Every structure is written in structure tokens, then in C-alpha cells.
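Here's the structure, in C-alpha cells; my notes come after.
The values are calculated or read from the model by the stated rules, or taken from the named source; none is laboratory data. These numbers come from a predicted model, not from an experiment. So basically every Cβ, Gly included, is an ideal-geometry build from the backbone, and we count neighbours across all protein chains shown. Note: accessible area is taken over every heavy atom of the protein model, side chains too, but ligands, DNA and RNA are not part of it. Shrake-Rupley method; radii C 1.70, N 1.55, O 1.52, S 1.80 Å.
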Amino acid sequence: MSPNTPPFGEILNFGCVAVFQLLYKDTKDSLEDPKDRELPRKLLQPNKAGILNLEHFNHISNQKIIVECSDACGCSDSCPRRRLQQGQKKRLVVFYENKILGFGLRAAEPIKAGEYVTEYVGTVLTPRSNRDPSYDLGIEIVAEGLAIDSRKCGNLARFVAHACDPNAAFIETHSRIFETDPLIPRVSLYALRDIAIGEAVTICYYSRDKLASGKGIKCACRPGCPNHLPKN
Ligand SMILES: [Zn+2]
Ligand SMILES: [Zn+2]
């Protein structure tokens with residue numbers, strides 16, 4: 001049975017934590033990269049105020065997943081563990097930064113560390129087909145090998161710029177209102193630290209090794225950034 005074909009009868013009695021344990025917790029042995037295998041899969045869940053604890057978030061390791069509540073949990077639509085289902089609440093603006101950086105995304109209201117910002121929306125595709133991968137966001141846990149491509153169809157999240165010391169992170173999210181709904185790979189954007197009104201919302205798109213390799217385009221995320229961005 002594929003890890004994404006849940007035995008519904010079992011899940012319905014246990015809720016979101018059981019969904020994680022059943023579908024994601026013990027499947028790390030099958031990962032291709034031995035480095036990923038060493039890291040236990042981690043379930044991230046917001047607290048009662050809807051805040052995720054991302055204090056020790058390692059943006060290079062992608063072995064973290066949010067499993068949102070569903071009808072299997074018996075909670076209401078307003079449960080803080082349904083952030084993605086509830087939709088974007090934070091006001092954001094697409095902002096033309098400059099000629100080098102192009103468009104970026106800025107906070108139009110203060111965002112607190114651990115708060116949900118928005119979703120990365122696009123078309124779910126296999127990334128290995130012959131096309132421009134610039135707007136691909138790879139899926140590793142919910143459906144390994146797929147990517148969300150926002151090149152032709154997307155939302156504000158496609159404008160999130162790179163920063164070597166980012167203030168936000170994309171996190172794979174297992175989210176469906178009913179356990180019988182199709183499981184579509186989705187990605188949430190959460191703030192890693194407080195983001196002030198007018199501040200750019202940023203993500204680190206590359207590993208430390210790649211940034212420090214000296215190959216590629218000089219990074220312009222901040223004045224004097226020593227890193228290089230690898231070309232696709
Ligand atoms: Zn809930
Ligand atoms: Zn940089």
C-alpha cells in the first residue's frame with residue numbers, strides 16, 4: 001500500500017497525530033538521501049494560539065511536516081491546527097524592490113514568529129519533465145518527487161525572495177477537511193521570527209553548502225552578502 005493511501009477506518013478514531021504516525025513517522029528509511037534518513041521525521045503543530053514553535057527550525061532539513069486537523073479530530077473549523085484550511089489572514093503586498101531583486105513580498109501588518117503567513121500555490125507537477133524549474137517547490141514527504149510550480153499559476157507566495165538569513169520558511173502541510181478528500185500536496189509559509197510592517201518576507205532556497213560554494217550569481221540578499229546563488 002502506498003504511504004498516501006490511508007486505512008481510513010483506523011485514522012478516523014485517532015485524529016491528526018495518528019495520521020502523522022501512520023503515514024509519515026516511520027517511512028524515513030525509504031529516503032534516498034542517507035543524510036535525511038538520520039533525521040527523525042518531525043510533526044509540527046501550532047499551539048492553542050495558532051503559533052508554531054520554530055525556534056530551532058533548520059531550513060535545510062525538510063523532514064518536518066504539519067498535519068492539520070480533519071473530521072477525524074472532532075474539533076471545530078476554528079481549531080488553531082487548521083491554519084492552512086482557514087486561509088490567509090495576514091495582509092501582504094507585492095513590492096518592486098529594485099532592478100536586481102525584482103519583485104518581492106512585504107508584510108503589510110506585523111507578523112509574529114510562528115504565525116501562518118500564506119500558502120505556496122501552484123500546479124502540482126513532476127519536476128523532472130523538460131521545463132523551467134525556477135518556480136518549483138519540491139515536495140519530499142507527502143508525495144515524494146512532485147513539485148508545486150507557480151510559474152503560470154500561483155499566488156503571492158511566488159514572490160517571496162531569497163535571503164541567506166530568512167525570516168520565514170515553507171513547510172509541507174498535510175491538510176484536508178475530510179479524511180476521504182483527495183490528499184493534495186500543500187505547502188504553508190510560516191514566519192521564523194517577528195516580521196515588521198513593511199519588511200520583506202524571505203526564504204532560504206538553497207543549502208549552506210551551495211551558498212558557500214562560490215559558484216553562481218553573487219547573492220544580493222543584503223549588502224555585503226558573501227554567498228553565491230547556484231544557477232538552475
Ligand atoms: Zn483540531
Ligand atoms: Zn545572501
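Indicate, rounded to the nearest 5 percent, the antiparallel portion of the DSSP beta bridges found entirely in segment 8-229.
Close to 75 percent.
With every protein chain left in place, what is the accessible area of Arg151 in Å² (1.4 Å probe, nearest 10)?
100
Rounded to the nearest 0.05, what FRET efficiency is calculated for His56 and Val17 with R0 set to 25 Å and r the Cβ-Cβ distance?
Approximately 0.75, to the nearest 0.05.
Which whole-angstrom value gives the distance between the alpha carbon centres of segment 161-211 and segment 108-140?
Comparing the Cα centres of segment 161-211 and segment 108-140, I get a distance of 7 Å.
Could you tell me which of Gly216, Gln88, Ile100 has its Cα farthest along the dipole of segment 8-229 towards the positive end, charges placed at Cβ (Lys, Arg +1; Asp, Glu -1), taken about the Cα centre?
The Cα lying farthest towards the positive end belongs to Ile100.
If I stretch the segment between Asn130 and Asp181 completely, what's the gain in nm (0.36 nm per residue apart, minus their alpha carbon distance), one decimal?
The span from Asn130 to Asp181 would gain 15.3 nm if fully extended.
Can you give the relative contact order of segment 8-229 as a percent, counting alpha carbon pairs under 8 Å and 6+ residues apart? Write out the running numbers ahead of the final one.
Working: 472 pairs, mean separation 45.2, N = 222.
Computed over segment 8-229, the figure is 20 percent.
Check the straight Cα-Cα distances from Lys90 and name the lysines below 28 Å, setting aside those fewer than 8 residues away within the same chain.
Lys42, Lys48, Lys64, Lys99, Lys112, Lys152
Hey, could you get me the Stokes-Einstein D for segment 8-229, Kirkwood radius over alpha-carbon pairs, 37 °C and 0.692 mPa s, rounded to whole µm² s⁻¹?
After rounding, the answer is 179 µm²/s.
What is the local net charge at Asp165, summed over the other residues whose Cβ is closer than 12 Å to its Cβ (Lys, Arg +1; Asp, Glu -1)?
+3
Which FRET efficiency, nearest 0.05, do Ser213 and Asn155 yield, Cβ-Cβ r, R0 45 Å?
Numbers: r = 32 Å, r/R0 = 0.70.
With R0 = 45 Å, the Cβ-Cβ based efficiency is 0.90.
Between beta-carbons, use under 14 Å as the cut-off and find the net charge around Arg151, counting Lys and Arg +1, Asp and Glu -1.
On the way: positive: Arg131, Lys152, Arg158; negative: Asp132, Asp136, Asp149.
Surrounding charge for Arg151 is 0.
Counting Lys +1, Arg +1, Asp -1, Glu -1, what net charge surrounds Arg176 among other residues with beta carbon under 10 Å of its beta carbon?
Net charge around Arg176: -3.
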